[in-house]
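Have a look at the structure below before the remarks.
The values are calculated or read from the model by the stated rules, or taken from the named source; none is laboratory data. Fair warning: this is a prediction, and the values are worked out from it, not measured in the lab. Because the Cβ atoms are built from the backbone with ideal geometry, glycine has one as well, and the counts that use them run over all protein chains shown. These area figures cover heavy atoms from the full protein model, side chains too; ligands, DNA and RNA do not enter into them. Shrake-Rupley method; radii C 1.70, N 1.55, O 1.52, S 1.80 Å.
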Amino acid sequence: MYSFLGIAVRSFLIAFSGYYGISIINNWIINFSKKDYVTSPISIVTLVIVGILLVVFVWQMVIWALEVQDKNRKYKAACEYAQKSGKPLLVIGGPWGVKILSQLLDRPGTRQW
């Protein structure tokens, strides 16, 4: 229930920002030279929403990068253990999944043993 409410609130904020934010930001940029426009309440709210969305985006990218780094570390440790023990390593998808792009880039988990 709490997860649903959190996701619903976040989705509402993203939808609201996308629907109203573009025109507000466009008007703010066009009218930037007007006196006291930057301190109007709608401009402040828009800047706060854009700032929050930017912080959330950066935070999500950092979390994603740390997860990828952890998956690569675990995969490397599993490969080393399999080679030391002399047993084959069963790889199903690997840390990058079975996507064609990862196979073309020869990312971890796509090599055939």
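Tabulate in residue order the Karplus-calculated ³J(HN,Hα) for the range 56-61, using 6.51 cos²θ - 1.76 cosθ + 1.60 with θ = phi - 60°, rounded to whole Hz; enter x for Gly and Pro.
Once rounded to whole Hz, the list reads 5, 4, 4, 4, 4, 5.
So what does residue 56 come to for accessible area, using a 1.4 Å probe and Å² rounded to 10?
That residue has around 60 Å² of solvent-accessible surface.
With the full set of protein chains in place, find how many percent of the accessible area of the range 1-90 is carbon and sulfur; take the probe as 1.4 Å.
Details: 5550 of 7640 Å².
About 73 percent, which is the carbon plus sulfur part of the accessible surface.
How do the peptides 15-21, 3-9 rank, highest first, by the average count of neighbouring beta carbon atoms within 10 Å per residue?
On the way: 15-21: 12.6, 3-9: 9.1.
Peptide ranking by packing, descending: 15-21, 3-9.
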